Amino acid sequence: MDDKLIVEMYLRRNEEALSQTEQKYGRYCHYVANNILLSDQDSEECVNDTYLRAWNSIPPTIPDNLKAFLGKITRNLALDMYDKNHAKKRNDAIELVFDEISEIISDTSLGDCTMVDELALKKALNEFLGSLDTKKRLIFMQRYWYLSSVKDIAITCRLSENNVKIILSRLRSKFKKHLEKEGIKL
């Protein structure tokens, strides 16, 4: 079913929107959640919460891209659940990803961001991603949006793990230089 029709169902408060969303995007949302939570049960709970959040958000929000909208909700819910589940524990794989990206963007600087700063950062990120070839963009997004492991990225891209690590290191450096060029200090 077309996304516009699904969104229209949400707007009309037709509960069929939920089953259509699950049918079309359930596996995608589960993938996003499971990369963070590493638990089918927690991921399923997160995906169900995604449907509820979408139901409560549409309207007033009318997403231009339903998949991205659901992915963002799922990712945020999964990160919240991860924080709750690991308040006193560490998941070294997830922490490593956060450590890598904190070389560029620190948590404290993001906390102080104004809406203008966030928009400038989003614009700079989109420009940076647009400047990359497809494979490098995929690697960057898999690592820093989907929080995929280096091993999984290597398998997906048919590269060695070491090659993926080198590419990620170069991409982080290139992204940092791009932010500096744009005058964004984090």
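The values are calculated or read from the model by the stated rules, or taken from the named source; none is laboratory data. Because the structure is a prediction, the values reported are computed rather than measured. With ideal geometry, Cβ positions are generated from the backbone for all residues, glycine too; neighbour counts draw on all protein chains shown. Remember, those area values only see protein heavy atoms, side chains included, never the ligands or the DNA or RNA. Shrake-Rupley method; radii C 1.70, N 1.55, O 1.52, S 1.80 Å.
Data overview
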quantity: Longest site-free stretch - the chain; sites: GluC sites (Glu not before Pro), DSSP loop, at most 15 other Cβ within 10 Å; calculated: 16-102
quantity: Neighbour count of at most 15 Cβ within 10 Å plus DSSP loop: longest trypsin sites (Lys or Arg not before Pro)-free window in the chain; calculated: 14-87
quantity: Sequence-distant lysines (8 or more away, or on other chains) whose Cα lies within less than 28 Å of Lys165; calculated: Lys72, Lys89, Lys122, Lys123, Lys135, Lys136, Lys151, Lys174, Lys176, Lys177, Lys181, Lys185
quantity: Largest-first ordering by accessible area, 1.4 Å probe, given options Ser148, Ser102; calculated: Ser102, Ser148
quantity: Estimated inter-spin distance, Asn56 and Lys24, nm [label 7 Å along Cα→Cβ]; calculated: 2.3
quantity: Cβ charges +1 (Lys, Arg) and -1 (Asp, Glu), total dipole of the chain, debye; calculated: 740
quantity: With 10 Å bins from 0: P(r) over the chain, alpha-carbon pairs, percent; calculated: 9, 30, 35, 23, 4, 0
quantity: Kirkwood hydrodynamic radius over Cα pairs of the range 1-103, then Stokes diffusion coefficient at 25 °C and 0.890 mPa s, in µm²/s; calculated: 171
quantity: Linear extension gain, Asp80 paired with Leu138, 0.36 nm per residue minus alpha-carbon span; calculated: 18.4 nm
quantity: The chain: calculated mean residue ellipticity at 222 nm from DSSP helix runs of at least 4, using -39500 (n - 2.57); calculated: -24500 deg cm²/dmol
quantity: Calculated P(r) of the range 37-88 - Cα pairs past 16 Å, %; calculated: 41
